[in-house]
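Here's the structure, in structure tokens; my notes come after.
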Amino acid sequence: MIPLGHYLIVSAMLFAIGTAGVFLRRNLITILLSIEIMLNAVNLSFVAFGRQFGSVDGQIIVFFVMTVAAAEAAVGLAIVIALFRHRESLNPDAFTSLKW
Amino acid sequence: MDGWLGVIIMIALGVGFAAVMIGLSLLLGPHNPTPEKLAPYECGMPAVGSARERHSVKFYLVAMIFLLFDIEVAFLYPWAVALRDLGWAGFVQLVTFFLILSVGYVYVWRKGVLDWGPAARAGRHAARRAA
Amino acid sequence: MFSSGIDAVVPMLCVTLAALAVMGAEAFRARGEQLPLGGLGVVGLVGAAISAVLLWNRNAVSFGVVVADNFGLFVTLVLLLVALLTIMFSSTVVRRDGLPAGEYYALVLFATAGMIMMATANDLLVVFIALEILSIAVYVLTGIRRDDSRAIEAAFKYFLLGAFSSAFFLYGIAFTYGLAGSTRLDRVGTYMAAQSMSGNPLILVALGLLLVGFAFKISAVPFHMWTPDAYEGAPAVVTGFMSTGVKAAAFAAFARVFLSVFEPFSGEWAPLVWLLAAATMILGTVVGVAQSNLKRMLAYSSIAHGGYLLVGLVAANQVGKAAILFYLLAYAVTNLAAFGVIALLGTREAANDELRDYAGLWHTRPALAALMTVCLLSLGGLPPTAGFIGKWYIFSAAVSAGYYGLAVIGVLTSVVSVFFYLRVVVMMYMTDRPAAIAPPPVSAVAMAALVASIAAIIALGILPTPVLDFAAQSIATIF
């Protein structure tokens, strides 16, 4: 049996990768993917903790998080499409009509 | 051994049914092969070509809506597992959840997101003008 | 498990049903047909308000995860007021800007339902879901003018940082769950009370992540980067809605989680919130002075007001807790009315939200100029307005809790902020109208909403005692 700490370390690494992606990548779609990685890193933590407690609560929470993430991704992609129609670019550095 | 009998019947029935169906369609169906029909995916689009061409934005719209409704179905699985424990209260809650979802579905449908292709849209516009 | 009634969710349910009805009506609306969708929303809001009043003092609990205690109900009523005023201002704007009415009102109502859920949630997971319900609706509302590239850009920036901060918040919930074995606030509270001496580092990690998540949502410095852009790019009514409603809901959940569950660890988080509050007040005010766009200026001002609310949270004595609720109400009404005036002065082609557009407003629209003046004085904290009383109680709470430094920073930044609010007032009265910019006519409904909010601001400023007692009673139920 893999101890809880290992899961948590993987989860923390994934979360860090996602966070770094949001800051470093210069493509809107990749940034959205990075946010999804962060959410899924958290999901891993939930499942690992749930298993530790021997309860299904952790997995049920993951269901909710996945649903919310899907809704968020749909809205995010819609906004990206609307933005692309205005700017013809997916580089966040191009979006400066408001002072960032 | 008795326990396996059902399994064997099940396999036999499954294989048999599939074989009969394929055989019947080979025997009875009209044969009129065209290159499009022989393509691995008969979906109305050329299956091979540059992947960098532009797609209609409708694809994204439908994909997004599919994503939403698809993921909501995930709630059916845990409910199905705990069906008897949750009882009628759980049933009512789940039905409420899907009623709310169906309002969203009706909205999407009435807004014409699911109308595919220019013909359907033109038809709708004509109907509106006539009305 | 499901034996408990659904009483506690009834206010939320009313708003949700109204939103669904609006969506359904929009779906079956004939092309070009005008429907009273805003009125439908108002019906739902009034129903929710009535049920919230009926639930008062009953401490109803639904499913163990939603509690309609007096604290939650007070915030619920504030949120319903915010939504009501927003819809009243919107009727003019939706028609003028050609916004999709069905989508607009449905999203406002869904966001309101999410806010109410957040204010009454008794489970961290429910807080998260409520946060997402309201956030997703508000992201779309921000970008509802699809022809306006600035609005879309604002929506994207808001979305990006909102989703980013949600991930932090969720990670905090994960650690809390991992420690306490539950996301229910009462159980987490029991666990935390037992652990107050253990010094488990994971508790601090959970605390820190939750703090970051909340700080993003209430736009505390240094997590405020999205606020000015989102507030400037969004339509003015939407900015009014999100700068008051989202902040009130997020603050309610923040207060509930930190003042009840993490109370045993206040020694750990109070210094952090102290820093956040100080930085938020200072940056919001100092950068606000330099703005030439009124919406952006008010965005920084609303950041600063978040800082004052944080002062109440740090002070966290009896006065401070009641002051938070009173301040939320005063700020909500004032800020909403100010953005309402901005919204009503815009046209479809031009937002007219630069400071110079307000030059000589007194000569062309005296009523709007006078109403705006009251709002700005209240935001600046001058008597006899609600803003003055709110700040007075917040700062006196800080002093009585021994946080002299925060009180001094608060008073100083208030004085500086009066300068930039008065600059607008001077512009409106002392300068001449440069060109013949004819402001559009204002509908009776929007004017009624404005006058009502101004009356409320002054009434709260002159006779605050009943509302303060009310706030003190309601917050006493949980902390």
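All of the numbers you see were taken from the coordinates with simple rules; none came from a lab. What you are looking at is a predicted structure, and each value in this text was computed from that prediction instead of being measured. Cβ coordinates were reconstructed from backbone atoms using ideal geometry, including for glycine residues, and neighbour counts include every protein chain displayed.
With a Förster radius of 22 Å applied to the beta-carbon distance between C:Gln473 and C:Asp186, the computed FRET efficiency rounds to 0.55. Taking amide H as placed 1.01 Å from N in the peptide plane, C:Thr431 has its amide H under 5 Å from the amide H of C:Gly360, each at least 5 places away in sequence or on another chain.
Taking R0 as 25 Å, what's the FRET efficiency between C:Ala30 and B:Ser56 from their Cβ-Cβ distance, rounded to 0.05? Once rounded, the FRET efficiency stands at 0.35. Packing here is the average count of other Cβ atoms within 10 Å per residue, and on that basis the peptides C:466-473, C:102-109, highest first, run C:102-109, C:466-473. Here the label points at B:Leu5 and A:Arg51, each 7 Å from Cα along the C-beta direction, are separated by 4.2 nm in the simple model.
What's the average, rounded to a whole number, of partner chain beta-carbon atoms within 10 Å of each residue's beta-carbon in A:40-46?
Working: counts 1, 4, 11, 2, 1, 7, 8.
Mean number of neighbouring Cβ atoms from other chains: 5.
Counting 0.36 nm for each residue step from C:Asn59 to C:Ala455 and taking away their Cα separation leaves a gain of 139.4 nm. Placing dummy labels 7 Å off each Cα toward the beta-carbon, the span from B:Val92 to A:Leu33 is 4.6 nm. Peptide C:148-161 shows a mean partner chain C-beta count of 6 within 10 Å per residue C-beta. When region C:179-315 is described by a simple charge dipole with +1 on each Lys and Arg Cβ and -1 on each Asp and Glu Cβ, the residue from C:Val286, C:Val246, C:Ile218 located farthest towards its positive end is C:Val246.
Using mean Cβ contacts within 10 Å as the protection proxy, how do C:188-199, C:406-417, A:42-53 order, highest first? The partial results should precede the final answer.
Working: C:188-199: 14.4, C:406-417: 19.3, A:42-53: 20.9.
Result, highest mean first: A:42-53, C:406-417, C:188-199.
Could you sort out which of B:Lys37/B:Lys58; C:Lys247/C:Lys295; B:Lys58/B:Lys111 sit more than 21 Å apart by Cα distance in this structure? In this structure, B:Lys37/B:Lys58 exceed 21 Å between Cα atoms.
Taking the highest mean first, how do the peptides C:168-174, C:134-140 order by number of other beta carbon atoms within 10 angstrom per residue?
Values: C:168-174: 26.4, C:134-140: 24.9.
Peptide ranking by packing, descending: C:168-174, C:134-140.
Could you work out the helix-only [θ] at 222 nm for chain C, with each DSSP H run of four or more residues adding -39,500 (n - 2.57) and the total divided by the number of residues, to the nearest 500 deg cm²/dmol? Walk me through the numbers before you get to the answer.
On the way: 20 runs with 353 residues, N = 479.
Taken over chain C, the calculation gives -25000 deg cm²/dmol.
Dipole size of the protein assembly as shown about its Cα centre, with +1 on Lys/Arg Cβ and -1 on Asp/Glu Cβ: approximately 1240 debye, rounded to the nearest 20. Model label points for C:Arg423 and C:Ser266, set 7 angstrom from Cα along the Cα-to-Cβ axis, are 3.8 nm apart.
Taking each residue of B:81-91 in turn, how many C-beta atoms of other protein chains fall within 10 Å of its C-beta, and what is the average?
Numbers: counts 1, 2, 0, 0, 1, 2, 2, 1, 4, 2, 0.
Partner-chain Cβ atoms within 10 Å, mean over residues of B:81-91: 1.
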